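Following: one structure in structure tokens, then a few remarks.
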Amino acid sequence: AFVSRVWFSDVCSSDLSSGINAEYGELSLEPLLSSAEQSELLRHSILCAIIAPAGLQRSRILSSLCKDERSQHFLFSGMLNNTQLGHLITHEQVSLFEKELEEHQLERLPSEMSILEAAVMEHNLLAISHIYISIKLNNLAHILRVTLLQAEKVVGKMISEQRISGHVDQIQGVVFFQSATQPWDDHMNVVCNKVNNVIDVMLQCEPAFIKERLQRYKC
């Protein structure tokens, strides 16, 4: 009955939530089920995770699935690994993966894109944001295999939802990405500068001692 409820939730879900994915994953480890049934549930878990909206929660689920050795036996394991590692997903991988989807997972969104097409577009945009500092919108649209308007819309949407950091210069037609590690880098720069200031003060007070220590640690 629980398996039926999870499947029904999957069919009726418009966003293929992580909750459904977690239930599939949980059931794939159920000892009362046969290995074939466990494998099928794991397959559904992977399908739901890959076509879920790109973001931190999805990344955690994908990481967990990739650690499961059984995941590597599926034909679409390459797409799973690329998705988890944040690499660009190729058109060939999408075509292979699409054959695994159920009819309800191929439904069209209001944007006229399929759930899979939207998920891949968002994933590849996230991957691009880690590769490029800036990119022209027309080049971005070409890489994502979408129209210029679709590219601009998805960038604006993901920035507003804080799933990527950056801004769009509509006059120049350029997207500027900001590294998520920048606040941490800025903090480290402040700390390093303060350490250098302390060393400068100590050099003035105890020059011989500090020079001997710096030489010992090859600083």
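The rows are residues; the columns are (1) exposed (fewer than 14 other Cβ atoms within 10 Å of the Cβ); (2) modelled with pLDDT of 85 or more; (3) more than 24 Å from Gln162 (Cα to Cα).
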residue	(1), (2), (3)
Ala52	no, no, no
Arg58	no, no, no
Ile61	no, no, no
Phe74	no, yes, yes
Gln93	no, yes, yes
Lys99	yes, yes, yes
Glu102	yes, no, yes
Gln105	no, no, yes
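Ser13 meets all of the listed conditions (1) modelled with pLDDT of 65 or more; (2) under 18 Å from Ala118 (Cα atoms); (3) open to solvent by less than 80 Å² (accessible area, probe 1.4 Å) but one, namely (1).
The values are calculated or read from the model by the stated rules, or taken from the named source; none is laboratory data. Everything quoted here is computed from the prediction, not taken from an experiment. Positions of Cβ are generated from backbone atoms using ideal geometry, with glycine treated the same way; all protein chains shown enter the neighbour counts. SASA here: full protein model, heavy atoms, side chains in, ligands and nucleic acids out. Shrake-Rupley method; radii C 1.70, N 1.55, O 1.52, S 1.80 Å.
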